[in-house]
Structure formats: structure tokens, C-alpha cells
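Engineer: Just passing along the structure, written as C-alpha cells.
The values are calculated or read from the model by the stated rules, or taken from the named source; none is laboratory data. From a predicted model like this one, the values you see are computed outputs, not experimental measurements. Backbone-built Cβ (ideal geometry, glycine too); neighbour counts: all protein chains shown.
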Amino acid sequence: MKKILKGLGLGFFALALSVGVGAGSASAATTYAVNAITESGALTINAAAASNMILGGATTTGSITVGSTSHTGSTTLSSGTITGTTSTSGVVFSADAVTTGTGLYLTADALTSGEGLLLDHATTVIEDGGSLARIASTSIDTAATTGALLDLSSTASVAGTQVLGTFSALTTGVGQSLVAAALTTGTGLRVTGSGATLLAGGELLDLVMGAATVGQAINITNSGAYTGTGLVSVVNTGIMTTTGSLLTLTANSATTPAGLLRINGNGLTSGIGAVITSSATAITGAGRLLRVDHTGATSPGAVLSEFASASADDPTILRVTGSGLLAAGVALDISAAAMTTGTALDIGGMAAITTGNGIVVAASGTTRTDGMLISVSDASTAATATGKMIYSNHTGISGVSTILNEFASAAADETTVVRVTASGLLAAGVGLDISAAAMTTGTALDIGGMAAITTGNGIVVAASGTTRTDGLLVSITDASTAATSTGRMLNVSHTGVTGASTIVAEIKSAAGDETEILQVLASGALAGGKVVDLTASSLTTGNVLDITYTGTTGSAIKVIDSTGADANSMVWLENTTADLTADTYLIQGRYTDDGDANGLFLLMEDNNGDDKFTVGLNGATTIAGTASGTTALTITAGDIVASSGSATVSTFVAADAYRVTNGTTITITGAITKANLQAASYFLVDTTGTTAIDVDLGGAGESFDAGDIGRTLMFGHGTNTGAVTVTANNTLTVATVAAAGATVDLAGDWIECKILTATLVTCASYAQ
């Protein structure tokens with residue numbers, strides 16, 4: 001120790017002289033009975049070279065003081081150069097009898113930039129076992145808060161460094177080592193703070209590495225089979241608020257580190273690399289067990305969190321496990337509420353995958369009921385045609401019989417493999433849209449591999465309720481103008497060469513009202529096309545069209561033609577064989593009943609349901625003509641042969657004479673009466689100059705009788721240019737069917753009217 005006994009004062013000694021003990025008196029002892037010795041010069045007290053020198057060796061109850069409190073020189077206590085054994089102690093202070101006092105007391109009240117205690121070591125190497133300073137105790141020490149092997153206390157300092165260790169040249173050694181080899185439940189190192197008075201910025205432990213590029217600030221090594229709660233334990237028993245953190249790692253200047261927090265577990269088997277546990281039952285929506293928060297506004301190509309594995313077998317890289325009681329909670333929630341053009345979940349870089357899976361959602365048990373393995377919901381009301389809830393896009397231009405999307409089930413019951421459910425308010429939307437606008441030779445929807453089906457269905461479109469009105473269960477539309485004879489909107493092709501009374505296509509209804517089971521509508525512009533084309537060129541003994549009918553007042557086939565001026569046929573039958581070699585029938589009818597009591601082979605009626613032409617079972621033919629002047633039967637060539645029976649012709653009555661006056665012409669200038677109508681069928685309208693003439697049918701208020709129905713009236717225009725119009729009085733109605741109306745205005749034009757009922761006439765105008 002240097003400066004430990006500053007100011008050599010020997011006032012407590014009863015010796016104040018310079019004693020020189022020669023070699024011949026080495027064992028001599030001298031006692032001086034004085035209270036104080038003061039020397040005006042230097043004072044030296046020496047013992048013989050081979051003798052001990054003892055100061056204060058006698059038992060005393062007083063203090064022994066070396067040096068004063070006010071001298072200016074140094075107080076030096078030196079062992080000199082020890083020439084004996086190297087294990088001899090240089091300076092020994094013995095205070096074995098001290099209990100509650102202080103064994104060695106050093107005061108340095110005036111110390112500023114000096115050292116209160118300096119242990120100075122120069123050149124020799126301190127080896128293992130040697131110490132420049134050592135505090136050792138072999139007793140069982142129980143100090144807890146104050147008093148210990150080493151007790152450092154500073155009660156007035158508010159700043160500065162209280163304990164400093166400087167090891168400027170240290171490279172591979174240890175700056176400070178704390179060994180507690182027998183430690184059980186105790187604490188190797190404890191740093192106790194001030195509790196609530198610790199302010200922001202205050203630190204109980206501060207490790208400063210300077211500008212280090214490698215190395216570690218803290219290294220904790222354990223070689224035992226550890227089963228404890230943690231080599232590092234950070235415990236906070238107080239209530240932590242929103243800004244508090246148990247562990248904060250800050251590296252704001254780090255750019256390319258291998259890991260700001262790294263856990264190496266190369267020997268892990270069934271252990272766990274990192275565990276975060278919580279038994280809390282009050283975590284709210286803002287609470288988190290783990291939060292990774294990136295607040296940077298830009299991060300080009302950044303991967304903020306990554307779980308990677310180089311394993312080549314069957315590990316699970318990331319698992320999220322929910323409890324068996326998880327109800328309304330979410331096992332994994334990816335929130336992208338503020339995201340616009342980004343991607344919430346990206347599973348990319350799978351170009352090398354062969355038999356693996358991008359996503360697998362598996363319910364391996366058999367207990368699932370109403371739960372959904374995948375649920376995608378969207379409440380958007382602004383989604384456009386490019387917005388999708390699910391989008392599967394294969395950009396490869398080729399594939400080997402590739403199946404891009406598959407829904408499979410091994411169910412043997414009534415399971416529905418895929419369902420598309422639209423809301424009750426869906427109006428102009430589409431439940432399922434398969435778009436193949438760019439496809440040429442492919443197939444938009446392929447339901448194949450159904451060779452094993454027996455009683456099942458390939459496609460079922462069912463409206464099980466009774467509320468459907470104008471909706472279409474199946475609608476096929478095509479706007480093509482380039483379709484050829486091989487193009488089809490609907491193609492049902494049965495390629496099997498045999499069948500057991502097979503029905504290839506069936507349209508069925510249980511309706512008991514006026515429902516139309518099948519309707520085929522052609523456009524009004526259809527010209528050379530065909531509404532229905534039945535081709536059976538190879539058919540021999542079968543039937544092209546087989547109709548089984550059990551109706552009463554209805555018809556098995558009903559053909560209605562609304563056009564009256566076209567030279568068309570409502571039914572056309574043609575045999576294209578150039579030379580018939582056997583009896584061939586264009587129309588053949590047969591009754592199973594041979595009783596000939598009822599039934600007609602042919603029946604033609606008028607609009608009122610009156611029989612006009614009938615052919616009975618025995619060939620009885622009736623042509624009902626109700627108006628005089630009409631041709632009931634005309635034979636332009638051939639003979640009428642009656643092998644039996646007779647021909648009877650009824651005569652006209654006087655009242656019906658006008659019906660055969662087709663050649664008579666009556667000139668009129670206005671109203672035309674029923675008498676005029678009975679006199680002729682052609683009427684010349686006499687106009688004078690440009691005077692318009694309105695021909696009034698039924699001028700006296702007459703209506704047509706049953707004999708007039710079916711007649712045709714002609715109103716010719718004279719030589720003048722006055723317009724001619726045909727109208728009716730209040731008992732008749734004139735319907736105009738010509739585009740130009742029932743008006744003519746040039747000489748030679750005419751109006752043709754057809755009497756339909758007793759009060760209805762339809763007229764058309766014609767130009768010359």
C-alpha cells in the first residue's frame with residue numbers, strides 16, 4: 001500500500017531516539033520510559049539485519065497511530081526486497097479480534113483526481129491462482145443488504161461511474177470473472193435498483209461495446225442437462241403499462257445483420273427453440289403475445305418475417321394451434337384493412353414444385369359438422385368486374401393433361417362436393433361464370449369420366465320451391481354470325497351402338513295446367529333456316545318422332561300460322577325418292593278400335609269451332625260451306641268415282657244470292673248499306689277531283705250476319721286523286737293491317753277488306 005500511513009508520527013510510543021543495535025548486541029532489548037520523543041531532524045529506527053522489529057508489541061487498550069493527520073509528506077510502509085521464500089507475506093495487518101468495528105480504515109476526504117487505494121503491478125505475469133487483490137472468507141457469511149465480502153457504497157453521487165474496470169490491453173482474457181461453483185438457490189450477481197424512482201433513461205446494467213465488429217456483449221454458457229425455467233430470467237411483478245417492455249433490443253443503425261436476435265439450437269430434438277406463454281384471461285383486442293411491427297413507409301422487396309428450413313423430409317416449418325374450445329376466435333388472422341394494391345398472403349416461388357402442395361387444409365378426423373375448412377367473405381358493394389374473391393390464374397401456355405383446380409370427395413352418401421350459393425337479392429349478377437372468351441378448340445366445362453354412373457346425374461338444375469316465375473333454370477345464348485353446320489349451341493351425342501330401350505334425352509313435367517313443356521322459338525327474320533331439324537337417314541323400322549298422347553280436348557300436334565298473305569305451308573310432307581317401288585304414305589293414321597262407332601280421321605274447323613271438313617272412319621267426308629259463292633270442292637283434273645251412294649247438291653236460297661255476285665260492280669260515294677253488300681262484292685269509289693271519300697260500312701247501323709263472315713270486299717279507286725278511306729259506324733270495327741293504312745290516293749289503287757265476325761272487318765291497302 002502506498003500512502004496508507006501518511007505522516008509518520010510515533011507519539012504513542014515510549015521511545016523517541018535513534019537506536020543502533022550492533023552485531024554484538026543483537027539480542028539486547030532497551031526500554032525508554034518517556035511519553036513523547038520529538039526529533040528536529042530525520043528519525044530512523046532500525047533493528048538488526050537478522051532481527052525482527054516490532055512497534056506496539058505490548059498489550060494495550062489504547063490506539064496505535066502511525067503518522068499524523070496533517071503532515072505533508074508521504075507515509076510509507078514497505079516490506080523491502082523479500083529475499084526469503086516467495087510465499088512470505090510482505091505486509092500483514094491482523095485484526096482478528098474486531099467484530100462490529102472496522103479492521104482496516106482508510107479515509108481520503110480530500111481526494112479529487114487521485115486514488116484512495118492503488119494496487120500497482122508492473123511486469124511479472126500474474127498466473128492462474130495469483131491475484132493482485134483478493135478478498136477471501138472461509139466462514140459462512142449471511143450478509144443480505146449491507147456488509148459482505150465486498151461492500152461498495154456511495155450515498156451522495158448522482159452521476160459519474162461508481163465502479164470502473166479498465167482492461168485496455170485485454171484480448172482473449174476475461175475482464176471480470178465471478179465464480180459461484182457451489183451455488184444452489186442463491187444469486188451469483190444481483191443489481192438492485194431504486195424501484196419507482198428509476199427514471200426513463202436510467203439503466204441498472206449498461207454494456208458498451210464501442211465500435212466492435214464481432215464478439216458478444218453477454219455470453220451465457222451452460223454445459224449441464226438444463227431443466228430450469230431459463231438461463232436468463234426477466235421477471236416483473238408490477239403492473240406494466242402500454243409503454244413498458246421486459247426486454248428491449250435497439251439497433252437503429254443496423255443495416256445487414258445476420259440477426260438482431262438469434263437463437264441457435266443445432267441439437268434440438270423434441271425441445272422448443274422459443275416459447276411465449278400466457279395464462280391471461282383478460283387479453284383484449286389490442287393485446288398481443290407476439291408483435292412484429294414495421295413502421296417504415298417504404299421497403300422495396302423486403303421480407304419482414306421469415307420461417308425457413310433446409311429439411312428434406314416432413315417437418316412443419318410453422319404451426320398455429322388453437323385450443324379445442326376455440327369458438328369465435330381466429331387461429332391465424334392476417335389483417336390488411338388499409339392495403340390497396342398489395343397482397344395479403346403470397347405463396348410464391350413454387351416453380352419447382354412437382355407432387356407437393358401449396359396449401360393443404362385437412363380435417364383428418366370424422367367429427368366435423370357445420371365447420372368450414374375455408375371461408376372467404378366480402379361485404380364490398382363497390383367491387384368491379386376485375387375484383388375477385390377467389391382468383392386462380394394459370395399463365396402457362398402448355399400442360400400435360402393438366403387439371404388446374406379439383407374438388408374431390410370419397411363420400412358415398414348425399415354429400416355436395418361443390419356448392420355456389422347466391423343471395424336472394426341477386427338480380428343481374430351470375431351465380432357461376434365460366435369465361436372462355438379466348439378459347440378456340442378447348443372445352444369450357446368438362447364433366448367426364450362418368451362411365452360408372454348408374455342412377456346418378458351428371459348435371460341437376462333443380463328449383464325445389466314453387467315461387468319461380470320468369471326465371472330460366474338453364475339459358476344458352478350465342479350471338480355468333482359465323483357458326484357453320486358443325487357448330488352447336490347444344491349437342492347431345494350418344495355414341496353407344498346399343499341400348500336397353502334407352503332414352504337419350506328427356507324433358508318432363510308434372511304440370512296439370514296449361515304449362516308448355518318444350519318451346520322452340522325462331523326469330524321473325526328466319527328465312528331459309530329450320531326451327532327443328534330431325535334427321536334419321538339410317539332409321540329403318542323405328543320412328544323419327546314418337547308422340548304418346550292421352551289428352552281429351554287438346555291436340556297431340558298443333559301448328560298455328562299467324563300470317564295470311566304468304567304462300568307457305570303449315571305442314572309440308574315430301575318424299576324425295578325418284579321412283580317408288582312400294583306403297584309409301586305421306587300421312588298414315590290408324591284407330592285401334594274397329595267398331596267404327598266414333599272418331600274421325602280428319603277434322604278441320606273454323607275460328608268458332610264449327611266443323612268445315614271431316615273424314616270419318618268409313619271414309620265419310622263432309623265439306624261444310626256456309627256462304628254462297630264459295631267453292632266447297634274443286635277438281636281440276638281426274639274423275640269423281642262413287643262406287644256406291646249418290647251425290648247431292650243443295651240449292652241457294654234467295655236471301656243468299658248476293659254471295660255469288662262476284663262480278664257485279666257498284667259505284668259508291670260514301671256510306672254503304674247491308675243491301676249494297678248483298679248486291680255485290682266489288683265497289684268502285686267515285687271521287688271528284690281531289691275530294692276525299694270515306695266509305696262507311698254499315699251506313700244505316702247494320703251489322704253483318706253469319707252468311708257474311710268470310711267474305712272479301714274490294715273497294716277500287718277511281719280516276720281522280722282524292723284519298724279513299726274505309727271506316728265503320730258504331731256497330732262495326734275496321735282493323736288496319738297494311739303499313740300504309742286503309743287509305744289509297746291514286747287511280748287504280750284498291751282496298752281489300754275481310755269480314756271476320758259480325759262486327760269486325762280487317763282491311764289492307766294495295767298500290768297498282
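Engineer: Quick check on residue 482: is it closer than 22 Å to residue 460 by Cβ, part of a loop (DSSP other than H, G, I, E, B) and small (Gly, Ala, Ser)? Don't jump to the end; show me each part of the working.
Structural biologist: Working: closer than 22 Å to residue 460 by Cβ: no; part of a loop (DSSP other than H, G, I, E, B): yes; small (Gly, Ala, Ser): yes.
Against the criterion (closer than 22 Å to residue 460 by Cβ, part of a loop (DSSP other than H, G, I, E, B) and small (Gly, Ala, Ser)), residue 482 does not qualify.
Engineer: Another question about this same structure. Taking the condition in contact (Cβ under 8 Å) with a residue 12 or more places away in the chain and either under 25 Å from residue 118 (Cα atoms) or basic (Lys, Arg) (or both), does residue 149 pass?
Structural biologist: Values: in contact (Cβ under 8 Å) with a residue 12 or more places away in the chain: yes; either under 25 Å from residue 118 (Cα atoms) or basic (Lys, Arg) (or both): yes.
Yes: the conditions hold for residue 149.
Engineer: Go through 164, 150, 205 for me and flag whichever is closer than 28 Å to residue 261 by Cβ and not β-branched (Val, Ile, Thr).
Structural biologist: 205 is the lone residue from the list that is closer than 28 Å to residue 261 by Cβ and not β-branched (Val, Ile, Thr).
Engineer: Of all residues in the range 712-734, how many are surrounded by fewer than 20 Cβ atoms within 10 Å (Cβ to Cβ) and either assigned to a loop (DSSP other than H, G, I, E, B) or not assigned by TED's automatic domain parsing to the domain that holds residue 760 (or both)?
Structural biologist: The number of residues fulfilling the criteria is 9.
Engineer: Now, a different point. When you go through 401, 392, 377 one by one, which is the residue that is in a loop (DSSP other than H, G, I, E, B) and on the phi > 0 side of the Ramachandran plot?
Structural biologist: Just a single option satisfies the conditions, and that option is 401.
Engineer: Being surrounded by 10 or more Cβ atoms within 10 Å (Cβ to Cβ) and either modelled with pLDDT under 85 or assigned by TED's automatic domain parsing to the domain that holds residue 70 (or both) is true for just one of 129, 103. Which residue is that?
Structural biologist: Just one listed residue meets the conditions, 103.
Engineer: Still on this structure, I have one more. Do we have residue 409 as within 19 Å of the chain's Cα centre (by Cα), among the hydroxyl-bearing types (Ser, Thr, Tyr) and in a loop (DSSP other than H, G, I, E, B) here?
Structural biologist: On the way: within 19 Å of the chain's Cα centre (by Cα): no; among the hydroxyl-bearing types (Ser, Thr, Tyr): yes; in a loop (DSSP other than H, G, I, E, B): yes.
In short, no.
Engineer: When you look at residue 489, is it more than 30 Å from residue 531 (Cβ to Cβ) and assigned to a loop (DSSP other than H, G, I, E, B), yes or no?
Structural biologist: Considered against the rule, which asks whether it is more than 30 Å from residue 531 (Cβ to Cβ) and assigned to a loop (DSSP other than H, G, I, E, B), residue 489 comes out as no.
Engineer: If you scan the range 592-645, which residues turn out to be closer than 29 Å to residue 708 by Cα, in a loop (DSSP other than H, G, I, E, B) and at pLDDT 75 or above?
Structural biologist: Hits for the range 592-645 are 606, 607, 608, 609, 610, 620, 634, 635, 636.
Engineer: Would you check which residues across the range 538-554 are over 16 Å from residue 505 (Cβ atoms) and of a type in the set (A, V, I, L, M, F, W, C) and list them?
Structural biologist: 539
Engineer: While we're looking at this one, here's another question. Between 261, 231, 304, which is loosely packed, with under 10 Cβ neighbours inside 10 Å, closer than 29 Å to residue 205 by Cβ and touching a residue at least 12 places away in the same chain (Cβ under 8 Å)?
Structural biologist: Every option except 261 fails the conditions.
Engineer: Hey, among 426, 472, which residue is among the hydrophobic types (A, V, I, L, M, F, W, C), part of a loop (DSSP other than H, G, I, E, B), surrounded by 10 or more Cβ atoms within 10 Å (Cβ to Cβ) and out of contact with any Pro (no Cβ under 8 Å at 6 or more places or on another chain)?
Structural biologist: 426
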